1. Would segment 644-657 turn up any residue that is more than 24 Å from the chain's Cα centre (by Cα), at pLDDT 95 or above, at positive phi and part of a loop (DSSP other than H, G, I, E, B)?
2. What pairs can you find where one residue is in segment 543-561 and closer than 12 Å to Tyr769 by Cβ and free of Cβ contacts under 8 Å to residues at least 12 places away in the same chain, the other is acidic (Asp, Glu) and open to solvent by 10 Å² or more (accessible area, probe 1.4 Å), and their Cβ atoms are less than 8 Å apart, with a gap of 6+ or different chains?
3. What residue, among those in segment 377-394 that are over 19 Å from Pro237 (Cα atoms) and either under 29 Å from the mean Cα position of the chain (by Cα) or free of Cβ contacts under 8 Å to residues at least 24 places away in the same chain (or both), is surrounded by the fewest Cβ atoms within 10 Å (Cβ to Cβ)?
4. Among the listed residues Ala240, Ala252, identify the single one that is closer than 22 Å to Thr395 by Cβ and either out of contact with any Ser or Thr (no Cβ under 8 Å at 6 or more places or on another chain) or among the aromatic types (Phe, Trp, Tyr) (or both).
5. Just one of (1) charged (D, E, K, R); (2) touching a helix residue (DSSP H, G or I) at 6+ places or on another chain (Cβ under 9 Å); (3) over 24 Å from Leu500 (Cβ atoms); (4) touching a residue at least 40 places away in the same chain (Cβ under 8 Å) trips up Lys797, so point out which.
6. Out of (1) in contact with a helix residue (DSSP H, G or I) (Cβ under 7 Å, 6 or more places away or on another chain); (2) open to solvent by 10 Å² or more (accessible area, probe 1.4 Å), the odd one out for Lys64 is which?
7. Filter segment 547-569 for residues that are among the small types (Gly, Ala, Ser) and not in a helix (DSSP H, G or I); which is modelled with the lowest pLDDT?
8. Collect the residues in segment 279-290 that are in contact with a strand residue (DSSP E or B) (Cβ under 7 Å, 6 or more places away or on another chain) and open to solvent by 10 Å² or more (accessible area, probe 1.4 Å), keeping them in residue-number order.
Amino acid sequence: MKFRFELSPFFSRALFSVFILSLSFSVYSQEITSPEKYFGFQMGADRKLARWDKIVDYFYLLEKESDKLQVINMGPSSDGHPFLLTIISSPENLANLDKLQEINKTLTDPRGISEETIKEYIQDGKVVIFQSMSLHASEVGGTQMTPELSYDLLTREDDETKRILDNVLFFMVPSLNPDGQVMITDWYRETVGTEYEGLSMPYLYHKYCGHDNNRDGDYFNLQESKYMAKAMFVDWPAQAYIDHHHMGSYGARFYVPPYCDPIRPYADPLVWREMSWYGAHIAYKLEEKGFQGILNAAQFSGWGHFGWHWITPFHNIAGMLTESAGVNLASPIYVHPEQLRANARMFPEYEAQSTFPNPWPGGWWRLRNIVEQKKSSAWSLLDLAARNKETVLTTAYIKAKNQTERGTTGKVKTIIIPASQHDYLTLVKMVNILLQSGIEIQKANSDFEVNGMNYKKGSYIISLAQPKMGLIMNLLTETHYADNSWTREENGTPIRPYDLATHTMFEFMGINVDVKNEIVKGDFSILKEQENIIGKINKGDHGYILDGRQNASYKAVNLLTDCGIKIKRLDTSLGSHHPGDFIIDGGSVEKINSIAKSTGVSFNALSESPSINTHLVKRGRTGLFQRYYGGNMDEGWTRLCFENYSFPYSTLMSEEIKEGNLNKKYDVIVIPDDSKEMITGDFNKENQERANEYPEKYRSGIGEKGTEAIIKFVENGGTLVALGDSYEFAVETFGLKVRNPVEGLGRNELFCPGSTVKVNIDNSHPLAYGMPDEGLVLYRSSPVFEVVASRKNADYKTIVRYKNKGLLKSGWLIGEKNIAKKSAMLTTSYGKGKIVLIGFRTQHRNQTDATFKLLFNSIIE
């Protein structure tokens with residue numbers, strides 16, 4: 001038998017090779033169990049889905065039966081399911097992983113290494129290929145394909161397979177969303193054979209984010225993202241990567257690389273050429289095998305979000321995706337010829353073209369078709385890399401060398417992140433995020449000066465003379481989306497980016513950085529591990545004071561409140577302290593020590609008496625509105641944000657709202673960004689028909705009864721917080737004297753698809769305590785507000801207002817005059833309660849730390 005052991009998420013390899021070699025006496029099964037035998041059906045069979053627990057068991061069985069596969073359980077997913085990474089290669093390679101890892105890391109960061117060593121490593125090294133499956137759990141084909149692909153790699157004895165195993169280390173993530181895989185499988189099994197068969201799941205297919213888990217390749221907010229980054233960006237930097245997806249059912253049958261224009265700047269040109277090279281081979285092999293409807297170099301542009309396949313090029317990885325035409329989960333669909341459409345970037349008509357030479361004519365489309373497509377494409381990537389091992393490894397070296405040289409000679413040579421920040425602990429958080437991407441960061445051991453500018457000890461220095469300079473430029477310097485013929489229609493109308501127009505992390509998080517056009521040297525140390533800040537404790541004559549400018553202070557306040565410790569808040573300045581700072585008279589020293597250690601928040605001495613101009617902090621009992629019809633990603637991200645900062649909340653469904661008496665349980669109700677009809681359930685005819693497709697228990701909407709309950713809740717002293725487009729529900733429900741002046745404007749009049757925009761902030765108002773007096777917000781086709789003239793003008797207060805001119809910081813903005821001077825966040829009283837409208841993306845994907853406090857202050861008063 002073969003012994004199985006699991007590696008930790010940190011890929012401890014010290015004993016790995018020793019164990020592998022010591023198992024040379026092991027007797028492997030002469031027969032490897034096929035997927036069809038194990039699962040009882042062919043992968044991709046109509047109306048059949050293998051569940052994650054059984055897939056996990058199958059991979060462990062394969063590990064016992066073959067010496068060509070290793071299974072690594074990286075740890076629990078967000079909901080506690082095992083997150084697997086498998087390595088498939090020859091037994092000799094698996095026994096030599098330590099040396100191969102050293103070679104791989106050297107080729108992908110060759111600084112200080114001799115040419116002779118590089119040549120030797122190119123000969124001795126192996127190509128590292130990553131492929132991940134079914135990140136979007138409803139796109140089931142990738143995960144269903146993995147047992148079959150693995151079986152073929154382990155059992156085939158032809159020269160092509162042997163070459164792959166000899167020359168490639170294949171890292172496969174059978175499911176990048178195990179929780180969603182379980183949810184989708186259980187939902188499908190519940191409905192198969194009923195009138196609801198094939199319907200999309202009525203709630204998010206991830207604990208927090210649903211489809212947005214492919215927007216987390218930069219911040220790593222999700223546990224699954226942390227595992228993926230550790231494996232592919234740090235421990236085993238890949239040469240190529242494919243993320244396997246599904247797309248709509250009525251266009252091309254299969255999209256393969258490369259992307260079309262525009263492309264995002266700062267990647268090495270070779271990476272774009274690699275994608276074309278791999279994509280051509282994948283497409284060729286598909287055509288060779290008789291697949292129809294294969295599209296490449298169209299539909300998906302090279303400037304997208306910073307999910308996995310679009311951020312990898314800036315790690316010098318040929319990051320790609322495949323997209324299969326979808327089915328109804330595992331139920332086949334029939335597509336009539338006249339239903340086939342194109343109407344996508346570089347794919348204007350459903351007709352033969354050079355990148356789509358063999359249109360599919362229509363007919364039955366099955367999950368099995370998807371499994372076969374994906375297996376062919378996955379295999380073709382491995383095949384081409386194996387046939388060209390030296391070329392691929394040489395290119396990996398050249399890309400890293402080129403990018404390092406660009407960082408050395410480019411206009412931007414160094415980025416300094418000063419230790420002096422409005423929110424120091426969020427700075428540390430950002431540094432720790434960047435470390436997870438494998439970016440080299442130095443920390444100053446003493447004060448230093450650059451061209452007359454003084455920087456304190458503890459400032460961070462990032463040299464661009466490193467292989468990931470392209471990633472650094474995109475995350476830490478001002479960027480602007482392309483405005484050219486690729487991004488506008490023939491009549492000049494702008495074409496919406498695939499996601500946001502900027503992903504400038506420092507702006508999202510509210511961190512100041514200084515860009516230098518010179519190489520900065522000094523008494524600096526390279527960070528080898530995550531920064532861990534432990535708050536200091538120094539009690540004064542009048543207790544402790546916490547800096548209300550730190551997001552982390554809100555977590556500390558929540559933990560203190562949970563311990564029953566009373567907290568006050570400053571309403572005016574007090575010496576060096578600011579409005580919004582938190583005051584603690586006393587409390588258990590043991591508990592305070594624990595909170596300072598876990599949050600990094602310092603409990604500073606309060607020496608002056610705060611006898612006046614303070615108020616007792618009240619944390620509102622919070623209900624967060626949740627609906628069905630696929631769920632609301634903004635709701636899920638808001639839950640994660642609340643949990644990260646220890647805000648207690650309750651999920652508030654439509655039925656509970658309709659029952660009324662909301663003030664008995666809640667002080668604050670938060671409605672995430674959503675349309676009025678999704679909140680109320682008052683749909684138009686077409687959407688009502690779609691809603692009626694679901695079982696009664698999965699239909700939501702508060703209706704008139706719930707709307708009345710919300711009105712009474714606010715009248716009786718409750719706070720209603722409406723985020724983004726949910727403002728419309730609040731305005732209409734309460735008859736607010738507020739209008740959105742940009743509603744209905746065309747793209748040529750106003751266009752701002754996810755950009756950082758400059759605002760003024762009234763930080764004397766309790767809703768903006770702890771904020772700077774000016775800053776940036778993320779504007780993504782957001783509503784803006786004007787107070788309609790009435791006798792109640794004085795009842796409305798603007799908290800955040802867009803600046804007069806020059807609004808854009810990063811991204812793309814057309815028609816700034818339409819939002820200049822307008823209100824971005826306002827509040828008004830209603831009865832005994834109040835209503836807060838926040839138009840911009842205040843807690844977008846748990847990434848916009850700069851504006852978290854504007855939401856937090858609605859709960860902590």
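1. no
2. Note: no pairs meet the criteria.
3. The residue in question is Trp379.
4. Ala240
5. For Lys797, the failing item is (4).
6. It is condition (1) that Lys64 fails.
7. Our first condition is that a residue be among the small types (Gly, Ala, Ser); within segment 547-569, this holds for 548, 552-553, 556, 564.
Checking which are not in a helix (DSSP H, G or I) leaves us with 548, 564.
On the way: Gly548: 98, Gly564: 95.
My answer is Gly564.
8. Correct list: Ala283, Glu287.
The values are calculated or read from the model by the stated rules, or taken from the named source; none is laboratory data. The model shown is predicted, which means the values in this text are computed figures rather than measured ones. All Cβ positions, even for glycine, are placed from backbone atoms using ideal geometry, and neighbour counts span all protein chains on display. The protein model used for the area step is the full one, side chains on, heavy atoms only, and it has no ligands, DNA or RNA in it. Shrake-Rupley method; radii C 1.70, N 1.55, O 1.52, S 1.80 Å.
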